[in-house]
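What follows is a set of notes on a single structure, which appears directly below.
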Amino acid sequence: MRPTGKLHLGNYVGALQNWVKLQDTHECFFFIADWHALTTDYDDTSRIAGNTLEVVLDFVSAGLDPERCTMFVQSHVLEHAELHVLFSMITPLGWLERVPSYKDQQLQMPNKDLHMYGFLGYPLLQAADILLYRANFVPVGEDQVAHVELTREVARRFNHFYSLRGKPVFPEPESLLTPTPKLLGTDKRKMSKSYGNTILLSDDAATIEKKIKDSVTDRPKLTDKGSPDRCPVGNLHQIFSDPARLEYITRGCTAAGITCVECKSLAVESVNAHLEPFRQRRRHLADHPEQLGQIIQAGARKATRVAEETMSMAREAVGLLAITAVGKVAAEQSIRPALLRAPESISKAKNENEQWELRAGLWLEKVSKSHPLKKDRQRTFITRRGRKVGVHTAAEAGGVWKFRLQDRPVNVLALIAQDKDRYLHDYILPPKVVQEHWKQFERSGEQVEITIKQGEHGAALVLNGSETPIREYEGNYAALE
Ligand code: SF4
């Protein structure tokens, strides 16, 4: 819930009342969405901190129990922002632009400049809020179903790009639609802070009495018949009165058998009886601010434990370097040793054969330690698994290497490219690539010519005028198995 002020009865019957029940049947995470408040109230943040505390007070006073659920402030769990960043990398703009509330809210707030990334991206932050806890269900009203659907799409897309040892990281959560009773504001319009027609959860008994007694009703005259469905006071009875009282006022209202004055007095009783325990819990917490602090800190710790677990899965799936995995990754990287360098004497080599001996000799000596290669015929070797590897070398000439070789079938091509500083770059093309491109290489009789060019994005094979990147095959020793 956004911290836009004290919660009213509309918030209570629309969500909070249901959450109080859910905490006994599900593992629940409830939070105050202070970052979300910034998406529309970025230019006046003076009340965010105070409103956040008010909402925590309302949560606890309405019956959310920090022992039975996880209740926290969004900005206290930084992983929400981190997951939002990861999602923002893979979410097409069109998905966000078509969320119905994106245009609706701009229309509803014509005086507010909402052309901000934060506003466009807030459904993605919501997706992060949900998926961070790998939630299976999200309790929402009809108007939020589109957001849950977007969350499902984001989870699906993330799982499509990244997985954790072949398993998806995120579940696709479902909307948990719960019927929400209608509750009109005191002026008969929808109860809303912006209309000034609310009854607050934190209002004292006298204020509630005054607000109900001043409410507009459905019976302008005593003799008119009315309907509790169309009356704010009737709505209050439907939510807060016991069945006998509800039946009494429904009969009296529809038959003009009771006065609105009596009906309102009974509604005051019912609402105040329901809210009195709320007021007691609120008073207690307000008198013990240290307990409020403990609740908020404990909630942040509980949420962070789960959030951090999810993020370490997400980071690993994406392939980011975990701070705890530096040693492991460095060890893995070391299977690809530093670049070899041809000796200076290579410039004095008498012919291309001697140059090959110097370059390929160095390379074979290094590679054979981890991937033994058996000599086959000239410039061809056999791997442990019987793959034929053609080993060829060339020196750079104007950013281009030309490898000339006999047209003989091989499974793997090791192209050792000496740069102008004499460093040897080894591009090891696996069987799939060799097979795919073998016929496209230039040839003249028994001679095949393979050209590598150093482009903007690394080395590329030149094939009929087009370029196929091969940077990923540099040091690709897996192909030598
Ligand atoms: Fe509303 Fe009660 Fe009057 Fe009917 S009798 S119109 S429910 S106040």
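Restricted to helices (runs of 4 or more DSSP H) entirely inside segment 117-173, those with at least 2 residues that are of a type in the set (A, V, I, L, M) and within 20 Å of Lys103 (Cα to Cα) are 122-131, 145-161. For segment 431-479, a residue qualifies if it is surrounded by fewer than 18 Cβ atoms within 10 Å (Cβ to Cβ) and in contact with a helix residue (DSSP H, G or I) (Cβ under 8 Å, 6 or more places away or on another chain), and the qualifying residues are Pro431, His457, Gly458, Leu463, Asn464, Thr468, Tyr477. Arg281 fulfils the conditions (1) within 12 Å of the ligand (Cβ to nearest atom); (2) in contact (Cβ under 8 Å) with a residue 40 or more places away in the chain; (3) basic (Lys, Arg) except for a single criterion, (1). Of all residues in segment 418-433, at least one satisfies being more than 27 Å from Lys375 (Cα to Cα), in contact (Cβ under 8 Å) with a residue 12 or more places away in the chain and not hydroxyl-bearing (Ser, Thr, Tyr).
Checked against (1) within 15 Å of the ligand (Cβ to nearest atom); (2) over 24 Å from Thr259 (Cα atoms), Thr178 passes all but a single condition, namely (1).
Each residue in segment 429-454 was checked for being in a strand (DSSP E or B) and not hydrophobic (A, V, I, L, M, F, W, C), and 8 of them qualify.
What about Cys253, is it within 13 Å of the ligand (Cβ to nearest atom), at pLDDT 95 or above and either within 43 Å of the chain's Cα centre (by Cα) or loosely packed, with under 15 Cβ neighbours inside 10 Å (or both)? Against the criterion (within 13 Å of the ligand (Cβ to nearest atom), at pLDDT 95 or above and either within 43 Å of the chain's Cα centre (by Cα) or loosely packed, with under 15 Cβ neighbours inside 10 Å (or both)), Cys253 does not qualify. Using the structure shown, decide if Asp203 is more than 9 Å from the ligand (Cβ to nearest atom), of a type in the set (Asp, Glu), under 46 Å from the mean Cα position of the chain (by Cα) and surrounded by fewer than 18 Cβ atoms within 10 Å (Cβ to Cβ). It is false that Asp203 is more than 9 Å from the ligand (Cβ to nearest atom), of a type in the set (Asp, Glu), under 46 Å from the mean Cα position of the chain (by Cα) and surrounded by fewer than 18 Cβ atoms within 10 Å (Cβ to Cβ). For Ser215, the conditions (1) hydroxyl-bearing (Ser, Thr, Tyr); (2) near the ligand (Cβ under 10 Å from one of its atoms); (3) at pLDDT below 95 are fulfilled apart from (3).
Going by the conditions given, is Thr151 more than 16 Å from the ligand (Cβ to nearest atom) and either more than 17 Å from the chain's Cα centre (by Cα) or not assigned by TED's automatic domain parsing to the domain that holds Cys263 (or both)? Considered against the rule, which asks whether it is more than 16 Å from the ligand (Cβ to nearest atom) and either more than 17 Å from the chain's Cα centre (by Cα) or not assigned by TED's automatic domain parsing to the domain that holds Cys263 (or both), Thr151 comes out as yes. Contact map, segment 245-258: first residue closer than 9 Å to Lys225 by Cα, second residue more than 8 Å from the ligand (Cβ to nearest atom) and among the hydrophobic types (A, V, I, L, M, F, W, C), Cβ cut-off under 9 Å, separation 6 or more or different chains; pairs are Ala256/Leu222.
Considering only residues that are touching a Pro at 6+ places or on another chain (Cβ under 8 Å) and in a loop (DSSP other than H, G, I, E, B), which ones fall in segment 64-107? Listed by number, the list holds a single entry, Val99.
In segment 240-249, the residue that is farthest from Thr180 (Cα to Cα) out of those that are surrounded by fewer than 19 Cβ atoms within 10 Å (Cβ to Cβ) and not basic (Lys, Arg) is Tyr248.
When residues in segment 1-45 are screened for being among the hydrophobic types (A, V, I, L, M, F, W, C), in a loop (DSSP other than H, G, I, E, B) and closer than 19 Å to Arg282 by Cα, 2 of them pass.
Among the residues of segment 256-268, the one identified as among the small types (Gly, Ala, Ser) and near the ligand (Cβ under 8 Å from one of its atoms) is Ala267.
When you scan segment 224-250, how many residues do you find that are more than 30 Å from Phe59 (Cβ to Cβ) and either near the ligand (Cβ under 10 Å from one of its atoms) or touching a Phe, Trp or Tyr at 6+ places or on another chain (Cβ under 6 Å) (or both)? So the count comes out to 7.
In the set (1) closer than 26 Å to Tyr12 by Cα; (2) surrounded by fewer than 17 Cβ atoms within 10 Å (Cβ to Cβ), Pro228 fails one condition alone, (2). Being of a type in the set (S, T, N, Q) and either in contact with a Cys (Cβ under 6 Å, 6 or more places away or on another chain) or surrounded by 20 or more Cβ atoms within 10 Å (Cβ to Cβ) (or both) is the filter here; which residues of segment 411-428 pass it? Listed by number, the list holds a single entry, Gln418. When Ala286 is tested against (1) under 30 Å from Asp203 (Cβ atoms); (2) of a type in the set (Gly, Ala, Ser); (3) without any contact (Cβ under 8 Å) to a residue 40 or more places away in the chain, just one condition goes unmet, and that condition is (3). Residues in segment 51-95 that are among the small types (Gly, Ala, Ser) and at pLDDT 95 or above: Ser61, Ala62, Gly63, Ser75, Ala81, Ser88.
The values are calculated or read from the model by the stated rules, or taken from the named source; none is laboratory data. Quantities reported herein were computed from a predicted structural model and do not represent experimental measurements. All Cβ positions, glycine included, derive from the backbone under ideal geometry; neighbour counts span all protein chains shown.
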